Amino acid sequence: MTTATTTSPKPTRRSGGRPVREWWSTLNRFQQWAVLIPVVVLIYLLPVLNPPILTTEPGFDFSIAMFEVARFALIAIGLNVVVGQAGLLDLGYVGFFAIGAYVAALFTSPDSVLAKLPFLVVLPIAMAITMVFGVILGTPTLRLRGDYLAIVTLGFGEIVRLLADNIDPLRGNRGFQEVGAPPGTWSDGSAIFTNTDGKPWYWFCVTIIIVMLMLVGNLERSRVGRAWVAIRDDEDAAQLMGVPTFRYKIWAFVIGAAIGGLAGALYAGQLSFVNNQKFDVVTSVLFLCAVILGGSGNKVGVVLGAFVIAYVPLRFLVIAEYKYLIFGMALVVLMIFRPQGLLGARQHLLAYGRKVYQRFLGRGESVSGDSPLTGEHRNGGKP
Amino acid sequence: MPALFLAQDPWINFDVEALGEQFWFNTVEGLSQGSIYALIALGYTLVYGVLKLINFAHSEVFIYGAFATWFTFYGLGFRPGSTPDLPIFELVGFLLLALIAAMLISGGTAVILERVAYRPLRKHKAPRLAFLITAIGASFVLQQIIFIWRGGNAEQAIRLMRPEEAFQIFGAGVTNLTIIIVLSSLALMLVADTFINRTRIGRGIRAVAQDPDTATLMGVNKERVIMLTFLVGGLLAGAAALLYMMKIPQGASYQGGFLLGIKAFAAAVLGGIGNIRGALLGGLLIGLFENYGQSLFGGEWRDIVAFVVLILILMFRPTGILGESLGKARV
């Protein structure tokens, strides 16, 4: 229920970060790059600089902490496609993450009976296999809506975990040792990608994130992205207007799953160990926290949310024990006061519309940044 | 290669013989576990019927009742271990005491949950997804409170009642515990059903379920009805918690409610969420399926059976066997 043109601009408390956004949208492409490139360079340099306030040392290795943050950011970007873009609440995303990790382990660890493949070859295989699982899960379940979909995906996540417990070749609690890593050695002959040094992993992951942001950004601006926005705002209306909703929901699910699988494979590689202990529902909800907290539907927002979720317990080890309590409370409070997250979603189509409007009439008017969490049933009617 | 990998050794077997042999035993077991699921499922069903909200934190409401039971027994001087030999009057007295404690704690938790987490959302006219996410957050908070207080290990259940075989059905022993569990949950379900269908407050609940706005116009206090719905669900969850602590071996742990809650929700959906009789039917069916599945595939597949059943039901019959009906007008 996004109102494209309201003639009377009313002050709305749901428009966080608007000055920054407006400033950003007034820059041209070249100026945007001029701002972005130094920021990206700074992001790459983070683990080397190890800035004093941001550091997690002593207590936790900063470079590994940064990899954790990057891994969470990648997961959040993937989950954002499902939850933020298409408005499908997926509580079993950890299932895809687990499948990716297990695929990486099965094809690279000496504990597995399968053929050994190089790690970099396994990454696309992991994505492909999670995509297949995305279709397998999505086809029957995506006919459900809202709460039911959430519960079914939750069940799926649990089934994946329980299968890892019970299927013997997946080695349950014993797990897989020595999961592979990308090749390469430093000049002194020692391997670049080890599980004690997070820096190369961080750089690798950040590169993947940048590529993924570009791909997902392009998707968002494409016909597919428009269809997703339409579906999350009002599925029935979208269907009536000729959007094949089911197909686009499957697309969202599959693309999200692939990114989750990729993150899982990276995680397995960095840790070089996979067993059944890391893939419970609580983790899944933590992933969801990252997306909701940052502002579902907003790429920058979910990266910010992932940063908060991953970084805070590692920085303040005292509260690490209470992290689920704190994030649980944060979810409740956030839903009451700011249901769209820290940075709410904005719609590009509307943003362009506003630009045109500004050019012709010389003043801005309010465009509500509705996310799927604020979009429906705002009129207080029957759900 | 992958085919070889999966054929490595049979990681799942279909033991049809065991299913046949243990059929009656599993039926008895399934009915007694199922009646516990049914009591919890009622909480999901009532709240869903009235608010169209899956109260994700209901499993924590239940586990608070389980802890209340445990602490009552502990406070009375009992410790985990062998079951004491109690005279019947004392036994009944202690069980009643624990029942009251569990119902009070669970009911109270449910009402506080509604006040603190859901009511502000209703005031803001929040969308439904916000309710679900709040429910997940609240469930986290309730779980972690227990975790911080009691740690990660389960409290070993304190048993006051020794299961003794009362009679046999087709070679399967029925214990006095099973009889008590099935009968008391049936009685509670009956009370709940009567309460919803026959009393003034129950009529209010049905009215709000059917159409909140019109019900308000007709003089029903919506907020009070919603609070009462949560209270009834909580009370039943408390009773279920006592039965659970008398029977299920795991005892009370901070995460203990999760799996049970999901199964109870599956039960509610199976019967038709929002439908009280559906919750009973669904609970018993889930209990039975689970036990038959355990015989057929082996014990470690038990939980998977529940999840698969949930997914299958939602795929083929999203409104359950009896359909959603709390809101339907019945004369």
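Key figures
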| read-out | value |
| --- | --- |
| Any hit, the stretch B:166-173, residues being open to solvent by less than 40 Å² (accessible area, probe 1.4 Å) and modelled with pLDDT of 85 or more | no |
| Residue in the stretch B:248-260 that is open to solvent by 10 Å² or more (accessible area, probe 1.4 Å) and without any contact (Cβ under 8 Å) to a residue 12 or more places away in the chain present | no |
| Some residue of the stretch B:307-318 being in a helix (DSSP H, G or I), over 20 Å from A:Leu144 (Cα atoms), open to solvent by 10 Å² or more (accessible area, probe 1.4 Å) and of a type outside the set (Ser, Thr, Tyr) | no |
| Residue within the stretch A:178-198 that is surrounded by 20 or more Cβ atoms within 10 Å (Cβ to Cβ) and either of a type in the set (Ser, Thr, Tyr) or outside any loop (DSSP other than H, G, I, E, B) (or both) present | no |
| Residue in the stretch A:56-64 that is assigned to a helix (DSSP H, G or I), more than 17 Å from A:Val302 (Cβ to Cβ) and either of a type in the set (A, V, I, L, M) or open to solvent by 20 Å² or more (accessible area, probe 1.4 Å) (or both) present | yes |
| Considering residues of the stretch A:159-206 that are acidic (Asp, Glu) and under 24 Å from A:Glu68 (Cβ atoms) only, the residue nearest to the other protein chains (Cβ to nearest Cβ) | A:Glu178 |
| Qualifying residue in the stretch A:202-221 (condition: on the phi > 0 side of the Ramachandran plot and open to solvent by 40 Å² or more (accessible area, probe 1.4 Å)) | no |
| Residues being open to solvent by 10 Å² or more (accessible area, probe 1.4 Å) and among the aliphatic types (A, V, I, L, M) - total across the stretch A:89-102 | 1 |
| Among residues of the stretch B:268-286, those that are touching a Phe, Trp or Tyr at 6+ places or on another chain (Cβ under 6 Å) and assigned to a helix (DSSP H, G or I), counted | 3 |
| All helices (runs of 4 or more DSSP H) inside the stretch A:230-331 with 2 or more residues being open to solvent by less than 30 Å² (accessible area, probe 1.4 Å) and touching a Phe, Trp or Tyr at 6+ places or on another chain (Cβ under 9 Å) | A:245-271, A:281-294, A:299-315 |
| Residue match in the stretch B:204-219 (condition: open to solvent by 40 Å² or more (accessible area, probe 1.4 Å), away from chain A (no Cβ under 14 Å) and closer than 24 Å to B:His58 by Cβ) | no |
| Any chance A:Tyr148 is touching a Pro at 6+ places or on another chain (Cβ under 7 Å), open to solvent by less than 60 Å² (accessible area, probe 1.4 Å), more than 11 Å from every other protein chain (Cβ to nearest Cβ) and not in a loop (DSSP other than H, G, I, E, B) | no |
| B:Leu177 open to solvent by 60 Å² or more (accessible area, probe 1.4 Å) and outside any strand (DSSP E or B) | no |
| In the stretch A:261-294, the residues that are in contact with a Lys or Arg (Cβ under 9 Å, 6 or more places away or on another chain) and within 14 Å of another protein chain (Cβ to nearest Cβ) | A:Asn276, A:Asp280, A:Val281, A:Leu286 |
| Residue among B:Lys222, B:Lys263 that alone is within 14 Å of another protein chain (Cβ to nearest Cβ), among the charged types (D, E, K, R) and surrounded by 23 or more Cβ atoms within 10 Å (Cβ to Cβ) | B:Lys263 |
| Selection count, the stretch A:103-131, where residues are surrounded by 14 or more Cβ atoms within 10 Å (Cβ to Cβ) and within 12 Å of chain B (Cβ to nearest Cβ) | 8 |
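The values are calculated or read from the model by the stated rules, or taken from the named source; none is laboratory data. Everything quoted here is computed from the prediction, not taken from an experiment. With ideal geometry, Cβ positions are generated from the backbone for all residues, glycine too; neighbour counts draw on all protein chains shown. The accessibility values were calculated without ligands, DNA or RNA, using every heavy atom of the protein model including side chains. Shrake-Rupley method; radii C 1.70, N 1.55, O 1.52, S 1.80 Å.
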